[in-house]
Amino acid sequence: MKKIFVVVICGPTASGKTALAVHLAEQFGGEIIGADSMQIYKGMNIATAKPAPEELRGVKHHLIDFLEPHEAFSVAEYVDLARVKIAEVHGRGKLPVIAGGTGLYINSLIDNIEFPEIKADMVFRAEKQKTDAGILLGELREKDPGTAEQLHENNKKRIIRALEVLHITGRTMGELKTESRLNPSPYKPLMLQIEFHRNELYERIDRRVDLMLEMGLLDEARAFYALGNTPTSAQAIGYKELLPYLNGEAGLEECVENLKKSTRNYAKRQITWFKKDPRIHLLAPEKAFKHAENLILNIIAQIS
């Protein structure tokens, strides 16, 4: 079976993924398929740096802004939906452009990872919920260091899920993923990442946070917390850091600095994740658009 050519634009937050994706979609007749675990939620526009309609310049964008904040969403569900969208875009004669910073989504999709149906053990989950996330991550490091390395203690849900899978099957997530890769991927991916020097990326992050506040991030955070039960979407960076200010427990300046720090740390984890993938072409910021165009043209020439 002939593989579907897909362009994948990945990398850390604030590295210009949306601008590059839109440019390439315009140049090559593409449609964008989001790969961001928080941009999927409605209303969370400023905190997740969700592209505004004017940024998309009329380019069709899929898998953003389609879930309510209280709804849970798994990697397996993302892969299923993204596969359908890629098939639809390809079927229309368009180029699928996958863009986002959630490495687990991207790798699970393009490497064709099949997720076995493992039923939830609600008693096990409820018991683990009582334990501090840092302690749970320590437990996971002992039992499944490979998965633990990919998770942050803020992501308690995924930590518990990894422990739950181990509890039910006796096998790690990594072992299950290795087994699931037996079927070859239906995709031929061109993976691209704009690479900024670390200090320059951090400056971009700080400027973005300042801009978010000017755009009304505080009001968006207030509205989000007024919704109540939003356990999965509440993991988004941008709200929890401002909560002490909204509750009158800390000053705004302190909370904003914590937000910038959290975002920089998140970018660092993203860089570490994508650094392990030798398929990624690193693009210098000043030449990114042209370099990406040439790489796409070379592949199109090969497969034509």
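Any read-out appearing in this document is the output of simple, stated calculations on the displayed coordinates, not a laboratory observation. Computed from a predicted model, the values in this text were never measured in an experiment. Please note: Cβ atoms are built from the backbone with ideal geometry, for glycine as well, and neighbour counts cover all protein chains shown.
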Pairs over 26 Å Cα to Cα, from Lys156/Lys261; Lys50/Lys177; Lys42/Lys287; Lys60/Lys290; Lys177/Lys261, come to Lys50/Lys177; Lys42/Lys287; Lys177/Lys261
Applying the span-like rule to the chain (DSSP H, Cα extent along axis at least 18 Å, Kyte-Doolittle mean at least 0.0) gives 75-91, 156-169, 288-303
Residues whose modelled amide H sits under 5 Å from the amide H of His62, counting only those 5 or more places away in sequence or on another chain, are Ile32, Ile33, Gly34
With only helices counted (DSSP H, runs n ≥ 4, each -39500 (n - 2.57)), the per-residue ellipticity at 222 nm for the chain, to the nearest 500, works out to -16000 deg cm²/dmol
Subtracting the Cα-Cα distance of Asp65 and Lys3 from 0.36 nm times their residue separation yields 19.4 nm
Note to self: C-alpha centroids of segment 143-158 and segment 1-72 sit apart, in Å, by 25
Of the candidates Leu109, Phe73, Leu20, the farthest towards the positive dipole end of the chain (Lys/Arg Cβ +1, Asp/Glu Cβ -1, centred on the Cα centre) is Leu109
For Leu283, other-chain or 5+-apart residues with amide H closer than 5 Å (H placed, Pro excluded) are Gln193, Ile194, Glu195
The set of residues whose placed amide H lies less than 5 Å from the amide H of Val8, leaving out same-chain residues fewer than 5 positions away, is Ile98, Leu190, Met191, Leu192
Taking every other residue with Cβ under 10 Å from the Cβ of Gly30 and scoring Lys and Arg +1, Asp and Glu -1, one gets 0
Going fewest to most other Cβ atoms within 10 Å around each Cβ, Val59, Val209 line up as Val59, Val209
Taking Cα pairs closer than 8 Å and at least 6 residues apart, the relative contact order of segment 122-180 in percent is 31
If every Lys and Arg gets +1 and every Asp and Glu gets -1 at its Cβ, then about the Cα centre the chain yields a dipole, in debye to the nearest 20, of 900
Per the 1/(1 + (r/R0)^6) rule, R0 = 30 Å and r from the Cβ atoms of Asn265 and Leu297, FRET efficiency to 0.05 is 0.20
Loop-resident chymotrypsin sites (Phe, Trp or Tyr not before Pro) in segment 57-130 with no more than 14 other Cβ atoms inside 10 Å, DSSP not H/G/I/E/B, are Phe66
